[in-house]
Amino acid sequence: MTTSGTPVFDGHNDTLLDLLRADRGGGRSFFERGDAGHVDLPRAREGDFAGGLFAVFVPNEDLDYEWEETDEGRRMPLAPAVAHDRAKEFTYDALALLYRLEAQSDGALRVVGNADDLEAAVAEEGTVAAVPHLEGAEAVAPDRSNLDFLYAAGVRSVGLVWSRPNEFGHGVPFEYPGTPDTGPGLTDAGRDLVRACNDRGILVDLAHLNAAGFRDVAEISSAPLVVSHAGVHELCPTSRNLTDDQLDAVADSGGVVGITFAVTSLREDGRKETDTPISTLVDHVEYVADRVGVDHVALGSDFDGATILDSVGDVTGLPDVVAELRNRGFDAHEIRKIARGNWLRVIRETWE
Ligand code: ZN
């Protein structure tokens, strides 16, 4: 594996969950090179992973998130809501872990909360920039009484929902084939949360939101629309992917879509089949670039959160993704935008 010399800022990983939960990550260390999971510091350096949104995801208790076969494809039963108190406790633990890792890292892992620090960390070789992100806003009190506390704890990006309902909106159930048009839009609390995030310069992530909720955010939000990890519905018709109308809305707002590496969101057949070439992933990048412009597409791997392509394998496969972008005719300037520039632009615009 040769290094690409192309630092990547990535829209989504669940590495904190893997490290926090030994039942998932096997008790692995962030600082030792391992085979388990997708991201640790040595592998991140090898793959030119310069940073990303580090998600805090609160798993449902005693739920395996298994797909079930249907006549036409597959679906996952919609997960039930998780309680605010449990989400809050789990989220505080995950944020505490992130700061512990930062303290142990000798400057190699940097939790960043403003655009200058983010860009400096991304530019510094060997440093990983972490932007704390909530994947689902269950840890935010419905009256937002702890939102400033979460901001003070570093949270700079909030996904309103995961694929389950909460106080703020309705997540889209996983289904293939399926459509994101699956239920009602944001609740009043959800609308207020979008405005409160706008006021504080917190990124609002539309990943996992259903179509009505997406439309609501597009209408309310004064910030560029961001979808941290998803694919193109036209190429893989799963409920989690973005329709052409949604891609257009993201671009109209000046926003960005991070293309996921999850095979179930990339493959035309939606199957959990990891023997999938990188060209399938780059098909999604190219589709978005062709339709709405190269300024609105980036990467959102879902490392440590999804079953990804074997052809990428883990974070050390990022240079191979960059190489495939080059093969497909993207020039150096465009590759820089896809690899990090678009994320950095949208984050600066939102945070400031
Ligand atoms: Zn996700």
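Only the coordinates and a few stated rules stand behind these numbers; no lab work does. Values in this document were obtained by computation on a predicted structure and should not be read as measured data. Every residue, glycine as well, gets a Cβ built from its backbone with ideal geometry; the counts of neighbours run over all protein chains shown.
Quick notes on this structure:
- Of the residues making up the range 66-90, those that are under 22 Å from the mean Cα position of the chain (by Cα), buried (at least 17 other Cβ atoms within 10 Å of the Cβ) and not hydrophobic (A, V, I, L, M, F, W, C) number 3.
- Unmet criterion (only one of (1) farther than 18 Å from residue 134 by Cβ; (2) touching a Phe, Trp or Tyr at 6+ places or on another chain (Cβ under 6 Å); (3) away from the ligand (no atom under 16 Å from the Cβ)) for residue 38: (3)
- The residues on offer are 62, 117, and the sole one that is more than 17 Å from the chain's Cα centre (by Cα), of a type in the set (Asp, Glu), away from the ligand (no atom under 16 Å from the Cβ) and under 21 Å from residue 228 (Cα atoms) is 117.
- Qualifying positions in the range 125-160 - of a type in the set (D, E, K, R), within 19 Å of residue 101 (Cα to Cα) and buried (at least 16 other Cβ atoms within 10 Å of the Cβ): 156
- Restricting the range 214-236 to residues that are farther than 27 Å from residue 152 by Cβ and buried (at least 19 other Cβ atoms within 10 Å of the Cβ), the residue that is nearest to the ligand (Cβ to nearest atom) is 230.
- The range 41-72, residues that are aliphatic (A, V, I, L, M) and closer than 16 Å to residue 258 by Cβ: 50, 53, 55
- Every residue from the range 227-274 that is among the small types (Gly, Ala, Ser) and under 23 Å from residue 65 (Cβ atoms): 228, 230, 231, 239, 258, 262, 265, 270
- Among residues of the range 57-73 that are farther than 16 Å from residue 87 by Cβ, those with a beta-carbon under 9 Å from a residue that is assigned to a strand (DSSP E or B) and basic (Lys, Arg) at least six positions away or on a different chain give the pairs 67/74; 67/75; 68/74; 68/75; 69/75.
- Only one of the numbered conditions (1) crowded, with 23+ Cβ neighbours inside 10 Å; (2) in a loop (DSSP other than H, G, I, E, B) is not met by residue 204, and that is (2).
- Residue that is surrounded by the fewest Cβ atoms within 10 Å (Cβ to Cβ) [pool: residues in the range 1-19 that are aliphatic (A, V, I, L, M) and more than 16 Å from the ligand (Cβ to nearest atom)]: 1
- Verdict on residue 21 being over 17 Å from the mean Cα position of the chain (by Cα) and closer than 30 Å to residue 296 by Cα: no
- Listed here are the helices (runs of 4 or more DSSP H) enclosed by the range 244-352 that have at least 3 residues being within 18 Å of the chain's Cα centre (by Cα) and surrounded by fewer than 21 Cβ atoms within 10 Å (Cβ to Cβ): 342-351.
- Tally, over the range 120-163, of residues that are within 16 Å of the ligand (Cβ to nearest atom) and on the phi > 0 side of the Ramachandran plot: 1
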